[in-house]
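Down below is the structure, laid out as structure tokens.
Where a number appears in this text, it was derived from the coordinates with a stated rule and is not lab data. On a predicted model such as this, the values are computed, not experimentally measured, just so you know. Backbone-built Cβ (ideal geometry, glycine too); neighbour counts: all protein chains shown.
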Amino acid sequence: MADVAAGLPVAFHLWVFCVGAVVGSFLNVVIARVPKGESIVSPGSRCPKCGSAIRWYDNVPVVSWLVLRGRCRRCGQPISLRYPMVELLVAVLAVAVERRFGPTGAALGAFAFVAALVALAYIDMDTWLLPHQITWPLLAVGLASPLWNHALPWPSSLIGAGVGFALFAAIALAGEKLLKRETMGWGDAWLLAGIGAWLGWQQLFPVVMLSALQGSIVGIALILAGRDPARVEAPPPPTPPGSDDDWVPPKHAVPYGPFLSLAALEVLLLGPQIAALWDGLFRRLWS
């Protein structure tokens, strides 16, 4: 990773870390509420167990969870470790983006992209859904990203969005028409379109390859461990508001959104290293 921000003071990196943690706290709300069709603005943060409002001093990212030992101050029930983990993850990713792009408009755009990917990954893990409330704005803003990311040409963004959607849409249609079953969710197609818009068409191949490879490894590991990946989460996927869809994940399936998001993050933050790796691999195969 090119350390563009190496000359900046440590205090600036710490500030970026704290901002990232605050954004991660907000993403916890997005992850919990968007699949249910609830507002992400009102009401304020509440205990997931007793529903009591969380005071501001109990809502400091990571710190409050540690101080309260992972429990609600009111009811004493445990609060999932996921909440501080998401906050910490987004904080670390914020610093990684800042060090990759420096204090620039491109870094702000990249961090917005990262935040959306994190939210979509966790929502898909929980619900097997990639809600249009996030994927469509991700695509729309991605198509405008060359305005602040001057390294991304307009044609590359437009082609990336079109090819990304067309690729997975073709797989989805083939599965529906030929195999009479869902082989690729349409949410995955919209997500790959958004990724193509943000990263450009040249990055679609490494994103698809990395996501498929990492998804396969995790799926095989879960099967070997005797766990059905499609049923790792105990509750069934919630039905989207206004939908009568009763789709159930097929046996041994894994949600693909988290692996698409992970691969996009890897390409965004480690693009040059990944390109060099692919180049070396192909040279060895052809030599």
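Rounded, prolate or oblate, given the Cα gyration tensor of the stretch 1-107, with a/c below 1.5 counting as rounded?
Prolate.
By how many nm would the segment from Asp279 to Leu8 lengthen if fully extended, with 0.36 nm per residue of separation less the alpha-carbon distance?
Between Asp279 and Leu8, full extension yields 94.3 nm more.
What's the percent breakdown of Cα-Cα distances in the stretch 109-181 across 10 Å bins, shortest bin first?
Binned Cα distances yield the sequence 17, 39, 33, 10, 1.
What residues have an amide H closer than 5 Å to that of Arg46, excluding those fewer than 5 places away on the same chain, when H is modeled at 1.01 Å from N in the peptide plane?
Counting only residues 5 or more places away or on other chains, the set is Ile54.
Suppose the chain between Val22 and Leu81 were pulled fully straight at 0.36 nm per residue; how much longer would it get relative to their current alpha carbon spacing?
Once the chain is fully extended between Val22 and Leu81, it gains 19.6 nm.
Compare the peptides 210-222, 129-141 by average per-residue count of other Cβ atoms within 10 angstrom and give them in order, highest first.
Top of the packing list down: 129-141, 210-222.
Arrange Glu266, Glu87 by Cβ neighbour counts within 10 Å, fewest through most, would you?
Neighbour counts put them in this order, fewest first: Glu266, Glu87.
In square nanometres and to one decimal, what's the mean projected area of the convex hull around the Cα atoms of the chain?
In nm², the orientation-averaged hull projection of the chain is 18.1.
Residues of the stretch 70-84 with the amide nitrogen closer than 20 Å to a label point 7 Å from the Cα of Arg55, along Cα-to-Cβ, please.
70-79, by backbone N distance to the label point.
Would you please give the residues with an amide H less than 5 Å from that of Arg71, counting only those at least 5 places away or on a separate chain, with H modeled from the backbone geometry?
Distant-sequence amide H within range of Arg71: Ile79.
Could you tell me which of Ser39, Leu130, Leu262 has its Cα farthest along the dipole of the chain towards the positive end, charges placed at Cβ (Lys, Arg +1; Asp, Glu -1), taken about the Cα centre?
Ser39
Counting pairs of alpha carbon atoms under 8 Å apart in space and at least six apart in sequence, what relative contact order in percent does the chain give?
Relative contact order of the chain: 19 percent.
Round to the nearest 0.05 the FRET efficiency obtained for Ser216 and Ala166 when R0 = 22 Å and r is the Cβ-Cβ distance.
So, using R0 = 22 Å, E works out to roughly 0.45.
For the stretch 1-103, what is the charge dipole size about the Cα centre, in debye to the nearest 20, if Lys and Arg each add +1 at the Cβ and Asp and Glu each add -1 at the Cβ?
540 debye
Compute a Gaussian network model of the chain, connecting alpha carbons closer than 10 Å, and tell me which residue from Ala264, Ala174, Ala96 fluctuates the most.
Ala174
Would you mind calculating the relative contact order of the stretch 13-167 from Cα pairs under 8 angstrom and at least 6 residues apart, reporting the percent as a whole number?
26 percent
Summing -39500 (n - 2.57) over the DSSP H runs of n ≥ 4 in the chain and dividing by its residue number, what mean residue ellipticity at 222 nm do you reach, to the nearest 500 deg cm²/dmol?
Rounded to the nearest 500, the figure is -20500 deg cm²/dmol.
Strictly under 4.7 angstrom between C-beta atoms: which cysteines of the chain have no such partner?
Cys18
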